[in-house]
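The values are calculated or read from the model by the stated rules, or taken from the named source; none is laboratory data. Here the structure is a predicted model, which is why all the values come from computation and not from measurement. Virtual Cβ from ideal backbone geometry, glycine too; neighbours counted across all protein chains shown. Just so you know, the surface numbers come from the protein's heavy atoms only, side chains and all, with ligands and any DNA or RNA stripped out. Shrake-Rupley method; radii C 1.70, N 1.55, O 1.52, S 1.80 Å.
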Amino acid sequence: MQRLSAAMLGDLLAGDLRVFGGPSTIEPLAGRIRAEQVNIVLRNTLLGMLANILNAATVVMAVWGSPDQTKAIVWASVIIGAAGFVGLRARTSFRSAKPRSVSRRTTQNLVRNAFLFGTWWGALPVLFFGGATSAAQVVITCLSAGMIAGGAASFYTIPIAAIAYTLPIFVGSALAIVWVEDAVNLPVAILIVSYAITLFRAVLAHASEFTQRLILQAESENAIRRDVLTSLPNRFSFNERLENALVDAKQFDQHFALLLFDLNNFDEVNDRFGRAIADALLVEVAARLRKSTRESDGIARLDGDEFAIIVTCDTRPDQIRFLAKQITDGMRTPFIIEGREIYCGASIGITLAPTDGLDANQLLRCVDTALHRAKTLGTGSIQFFSANDDEVATRRHALERDLASALASDQLWLAFQPFLDLGSDRIRGFEALLRWQHPTLGAIPPSEFIPIAEETGLIHSIGHWAVKTACLAAARWPRDLRVSVNLSAVQLKNKVLLDGILETLAEAGLEPRRLEVEITENVLISNFEETISLLRSLSSLSVTVALDDFGTGYSSLTYLRKLPLSRLKIDRSFVQDLLTDADCAAIVRSLVELAHELRIEVTAEGVETSDQLDYLRRVGCDEVQGYLIGKPVRVDDIPGIAAKPFGQKQVLQ
Ligand code: C2E
Ligand code: MG
Ligand code: MG
């Protein structure tokens, strides 16, 4: 009970409206409310103190020449001194930046000061009213009434401060009136009490309305800063925090780090398990992120599976790396969502301010680049931005921007590289390979722009164009030549791919058996079942399927058995070392045998020398491709190449 009342008194003195039946608040919000309350009081303080000084001087003038003159001078000096001191302090604090939060202590001090001033003004009628002339009594009454009204108005945001200030003046005035024996005392006392009640009610109503408005404002501000799904701060809040960190970095030379991370296979989770599970996963990720970080780390969900953290404490690179490691370690354990075990590692990119820059956009670019590098290094990687990245990033952004219009402005074209059939020594077909002739940067290799096309989604339109252009070209070739088109993993996820291919074949008038699609093993890792069903549909229409770059990915023999494959393309790296590395030779030999057992043809890629060709012939390889046979050429050069039989040592250029 005792503790309760002590707590209540503390709340009361801290300006808490709950004591008066006002709304209850959590401490951070209460701190904000106190800040607004105190700021408004401070705004009026300078004028209020000036009024104190003038009024005290008026009292001295009113009793000048009477026996109370000296007492009045002493009384007024205290008020003038204190008002001068408080006024000057209020002026300086008003000039400095407004605090966003104010402690209970500050409000309590303010209430105490209000009480001291009120008490001193309350002493005025007690000390001087009885011995004053009627004129001086009128002055004292007016001044007391004025101070009550002015005080209530100045402290209207903090009712307890208003009470602390006005109550002693009411009491003092009442005592003075009672002591002067007069018939009108009773009605005057009743008047004073009813004024007091009216005044307090007005102050309380104002304060209550003011606080409610602040709470509503804080709630709506909070809502626009929160991510609905994870309850983490959202991009809006992140941007504000970043701006604040930048201001601190510029003004006070404070360092900070920006970390960006995303989940390595979130899109697959989304595709495979659906939106609800993907959302539940994000909620779990947010929870783990909260666990691996500290209160002071500004975490936010920016978009989809992209999260950012602004670190302002312990910003040495080793400390930041440690924090990042905690996060990646936290994400490593499988997530259990609705009974399913989901593995979803994260990679993190990091940029440091001011080292990498003091501009929000620049830092965001840096951290994005660092994340990109981290992702290419695999799950769990942590990468700091490095100055070298800058050039790479600038080029990447330029390519990203220009690729969008490359197709429309005829900068993309297809090169065709021949396959040689080792049984007949004749050209059996051509592989279509994308080329991009950039107007200023020259030829951009597909290894550079295809990943960009995949990330931006442009691969769908570009890939469709490639299939169409290849089919239209092949339709004009002799009927025993096929055309091969590469399909990337991203394209295979697109449900309309199959229809697009069928339409294109019909439009070009190309027999489906003359089209081959090349896929790589990484296509299969992410969406095995869906890819199989798509490939089955294609092969049921007689479109053939080749597994490209075999041996470079997570080569699994399961693929050979389960996929409707017609061809296996042994990667260039095996062919290169064929004659110098006995293991390579053994792998190629066994692969050819194994594939033949499974009725799959074998094409060796990257054949550059006739010795390699001879070896491949000896081990029974069906087909070869490489610079020895022919480099990728323009479509116009194909008729000449296709017509010539491939003789001994004859190399097509
Ligand atoms: P890939 O499908 O394995 O294509 C073979 C790559 O090896 C081609 O590089 C080709 O020019 C190169 N090459 C062929 N013979 C030799 C040789 O004897 N020696 C050497 N050193 N290299 C040889 P390119 O054209 O740069 O293509 C690289 C990759 O880009 C392709 O690998 C393919 O994965 C991808 N790509 C190309 N065009 C397309 C396309 O239309 N769509 C998709 N999704 N990917 C494509
Ligand atoms: Mg290929
Ligand atoms: Mg290949």
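Please find, within region 619-636, the residue that is modelled with the lowest pLDDT out of those that are more than 15 Å from ligand 1 (Cβ to nearest atom) and surrounded by fewer than 19 Cβ atoms within 10 Å (Cβ to Cβ).
Initial filter on region 619-636 (more than 15 Å from ligand 1 (Cβ to nearest atom)): 619-620, 622, 636.
Right, trim to surrounded by fewer than 19 Cβ atoms within 10 Å (Cβ to Cβ) and you get 619-620, 636.
On the way: V619: 96, G620: 97, D636: 91.
By that ranking, first place goes to D636.
Just to be sure, is A6 of a type in the set (G, A, S) and modelled with pLDDT of 90 or more?
It is false that A6 is of a type in the set (G, A, S) and modelled with pLDDT of 90 or more.
Residue by residue through region 201-220, note down the ones that are open to solvent by less than 50 Å² (accessible area, probe 1.4 Å) and either of a type in the set (D, E) or out of contact with any Asp or Glu (no Cβ under 9 Å at 6 or more places or on another chain) (or both).
If the condition is that a residue be open to solvent by less than 50 Å² (accessible area, probe 1.4 Å) and either of a type in the set (D, E) or out of contact with any Asp or Glu (no Cβ under 9 Å at 6 or more places or on another chain) (or both), then A202, V203, A207, S208, I215, A218 are the ones that fit.
Quick test of your reading of the structure: V588 fulfils all but one of (1) away from ligand 3 (no atom under 16 Å from the Cβ); (2) in the same structural domain as L515 (by TED's automatic domain parsing); (3) in contact (Cβ under 8 Å) with a residue 12 or more places away in the chain. Name the failing condition by number.
(1)
Under 23 Å from S566 (Cα atoms), open to solvent by 20 Å² or more (accessible area, probe 1.4 Å) and either among the β-branched types (V, I, T) or without any contact (Cβ under 8 Å) to a residue 60 or more places away in the chain (or both), is that true of E593?
yes
Can P317 be described as farther than 22 Å from I224 by Cα, open to solvent by 10 Å² or more (accessible area, probe 1.4 Å), free of Cβ contacts under 8 Å to residues at least 60 places away in the same chain and in contact with a strand residue (DSSP E or B) (Cβ under 7 Å, 6 or more places away or on another chain)? Before you say what the answer is, go through the steps one by one.
Values: farther than 22 Å from I224 by Cα: yes; open to solvent by 10 Å² or more (accessible area, probe 1.4 Å): yes; free of Cβ contacts under 8 Å to residues at least 60 places away in the same chain: no; in contact with a strand residue (DSSP E or B) (Cβ under 7 Å, 6 or more places away or on another chain): yes.
So P317 does not fit the description; no.
Within the group R572, R561, which residue is assigned by TED's automatic domain parsing to the domain that holds R514, touching a residue at least 24 places away in the same chain (Cβ under 8 Å) and within 16 Å of ligand 3 (Cβ to nearest atom)?
R572
Scan region 520-539 and tell me whether some residue there is open to solvent by 30 Å² or more (accessible area, probe 1.4 Å), under 30 Å from R401 (Cα atoms) and either within 16 Å of ligand 3 (Cβ to nearest atom) or polar (S, T, N, Q) (or both).
Within region 520-539 (the criterion being open to solvent by 30 Å² or more (accessible area, probe 1.4 Å), under 30 Å from R401 (Cα atoms) and either within 16 Å of ligand 3 (Cβ to nearest atom) or polar (S, T, N, Q) (or both)), the answer is yes, since at least one residue qualifies.
Identify the residue in region 516-569 that is on the phi > 0 side of the Ramachandran plot and within 14 Å of ligand 2 (Cβ to nearest atom) and, among all such residues, is modelled with the lowest pLDDT.
G551
Residue-by-condition table, conditions (1) crowded, with 19+ Cβ neighbours inside 10 Å; (2) out of contact with any Phe, Trp or Tyr (no Cβ under 8 Å at 6 or more places or on another chain); (3) not assigned by TED's automatic domain parsing to the domain that holds N264:
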| residue | (1), (2), (3) |
| --- | --- |
| I348 | yes, no, no |
| P354 | no, yes, no |
| L363 | yes, yes, no |
| R373 | yes, yes, no |
| A404 | no, yes, yes |
| A408 | no, yes, yes |
| F419 | yes, no, yes |
| L422 | yes, yes, yes |
| W436 | yes, no, yes |
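Of all residues in region 190-200, which are exposed (fewer than 13 other Cβ atoms within 10 Å of the Cβ) and hydroxyl-bearing (S, T, Y)?
The answer is S194, T198.
Does region 444-469 hold any residues that are buried (at least 18 other Cβ atoms within 10 Å of the Cβ) and within 16 Å of ligand 3 (Cβ to nearest atom), and which are they?
Answer for region 444-469, where residues must be buried (at least 18 other Cβ atoms within 10 Å of the Cβ) and within 16 Å of ligand 3 (Cβ to nearest atom): I450, A466.
Have a look at L579, L568 and point out the one that is closer than 20 Å to Q625 by Cβ and surrounded by fewer than 16 Cβ atoms within 10 Å (Cβ to Cβ).
Only one candidate qualifies: L579.
Test Q576 against the criterion of being of a type in the set (S, T, N, Q) and within 15 Å of ligand 2 (Cβ to nearest atom), and give yes or no.
No: the conditions fail for Q576.
For V592, state whether it is assigned to a helix (DSSP H, G or I), within 16 Å of ligand 1 (Cβ to nearest atom) and in contact with a strand residue (DSSP E or B) (Cβ under 8 Å, 6 or more places away or on another chain).
Considered against the rule, which asks whether it is assigned to a helix (DSSP H, G or I), within 16 Å of ligand 1 (Cβ to nearest atom) and in contact with a strand residue (DSSP E or B) (Cβ under 8 Å, 6 or more places away or on another chain), V592 comes out as no.
Could we say that L616 is in contact (Cβ under 8 Å) with a residue 40 or more places away in the chain, farther than 21 Å from R479 by Cβ, in the same structural domain as I427 (by TED's automatic domain parsing) and away from ligand 1 (no atom under 15 Å from the Cβ) here? Write out each step before concluding.
Details: in contact (Cβ under 8 Å) with a residue 40 or more places away in the chain: yes; farther than 21 Å from R479 by Cβ: yes; in the same structural domain as I427 (by TED's automatic domain parsing): yes; away from ligand 1 (no atom under 15 Å from the Cβ): no.
No.
Which of the residues belonging to region 596-616 are open to solvent by 30 Å² or more (accessible area, probe 1.4 Å) and assigned to a loop (DSSP other than H, G, I, E, B)?
The answer is L598, R599, E608, T609.
Specify the residue that is surrounded by the most Cβ atoms within 10 Å (Cβ to Cβ); the eligible residues are those in region 229-270 that are of a type outside the set (D, E, K, R) and at pLDDT below 90.
V269
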